[in-house]
Amino acid sequence: MLRLVLLGPPGSGKGTQAVRVAAACSAEHIATGDLLRAEVAAGSELGERVAGYQASGSLVPDDLILRLALPRVLAASEGYVLDGFPRSLPQARALDEQLPRGQRVHQAVVIAVAEQELIDRMRLRAAQQHRPDDTDEVFRHRLSIYAAETPPILQHYADSSRLREVDGSGSPDEVFQRIGAVLEV
Ligand code: AMP
């Protein structure tokens with residue numbers, strides 16, 4: 001059963017790949033960014049608390065993310081692909097500490113893409129999708145947060161021999177093939 005964390009900078013194609021990998025493995029796709037946007041759209045109490053962080057591209061506090069996401073992970077009895085989560089070392093640790101052994105993350109795959117390529121892709125996506133957090137300034141802020149927060153997460157999974165890296169250049173099909181080649185299902 002697939003219990004995967006998919007990591008990658010904003011614009012790496014992580015979301016697209018997460019959906020495809022989850023579908024191919026009949027696992028649940030759990031994207032905290034989507035869960036947060038749904039809370040904001042619904043006008044829930046949590047949504048009101050997270051809206052400002054999300055609009056600016058800053059990370060939402062760990063306790064709110066865990067409250068939102070852990071129950072979904074626990075309920076994913078057919079396996080899961082986590083997308084945009086964990087985004088900090090405390091989140092990665094909480095996943096290992098708060099899930100029963102048989103439901104813990106089995107593997108983490110990071111999609112590696114050069115920074116200039118990410119900026120080019122973001123400009124294209126902003127033109128196509130009109131996402132309010134896809135401005136140059138917010139995007140660079142999100143890239144810098146990724147660069148700051150991700151090394152300890154990668155180290156966390158590398159230390160437990162759960163980390164694989166794939167080259168994120170080329171077409172979505174090529175990247176999907178590369179991910180498939182490193183998965184241990
Ligand atoms: P995403 O759709 O994954 O790019 O997430 C969009 C925004 O939601 C991020 O810039 C953060 O503000 C927030 N967010 C999503 N997932 C998390 C997380 N696991 N921890 C903290 N903030 C998050």
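Among the residues of the range 1-33, the ones that are over 10 Å from the mean Cα position of the chain (by Cα), farther than 17 Å from F176 by Cβ and not in a loop (DSSP other than H, G, I, E, B) come to 2 in all. G79 meets all of the listed conditions (1) under 19 Å from P10 (Cα atoms); (2) of a type outside the set (V, I, T); (3) modelled with pLDDT of 95 or more but one, namely (1).
Would you be able to say whether some residue in the range 105-115 is within 12 Å of the ligand (Cβ to nearest atom), surrounded by 15 or more Cβ atoms within 10 Å (Cβ to Cβ), small (G, A, S) and within 28 Å of E165 (Cβ to Cβ)?
no
Checking the stated criteria, A27 turns out not to satisfy the condition of being among the small types (G, A, S), over 20 Å from A126 (Cα atoms) and within 12 Å of the ligand (Cβ to nearest atom). Restricting the first member to the range 117-129 and to residues that are under 14 Å from G13 (Cβ atoms), and the second to residues that are part of a helix (DSSP H, G or I) and not aliphatic (A, V, I, L, M), the beta-carbon pairs closer than 6 Å and six or more apart or on different chains are M122/F139. Somewhere in the range 76-93, is a residue basic (K, R) and buried (at least 16 other Cβ atoms within 10 Å of the Cβ)? Yes, the range 76-93 contains at least one residue that is basic (K, R) and buried (at least 16 other Cβ atoms within 10 Å of the Cβ). Among residues of the range 166-185 that are of a type in the set (K, R), those with a beta-carbon under 8 Å from a residue that is at pLDDT 95 or above at least six positions away or on a different chain give the pairs R178/V166; R178/D167.
Take A147 and tell me if it is over 18 Å from A31 (Cβ atoms) and in a helix (DSSP H, G or I). Answer is yes for this residue.
All of V21, V40, V60 fail the test of being of a type in the set (A, V, I, L, M), more than 13 Å from the ligand (Cβ to nearest atom) and crowded, with 16+ Cβ neighbours inside 10 Å, apart from V21.
Scanning the range 69-104 for residues that are within 9 Å of the ligand (Cβ to nearest atom) and assigned to a helix (DSSP H, G or I), which turns out farthest from T150 (Cα to Cα)?
A69
Condition check: over 18 Å from the mean Cα position of the chain (by Cα) and not basic (K, R). Does A158 satisfy that? Spelling it out, it is not the case that A158 is over 18 Å from the mean Cα position of the chain (by Cα) and not basic (K, R).
The values are calculated or read from the model by the stated rules, or taken from the named source; none is laboratory data. Being a predicted model, the structure only gives us computed values, none of them experimental. Cβ sites come from the backbone with ideal geometry, for glycine too, and all protein chains shown count toward neighbours.
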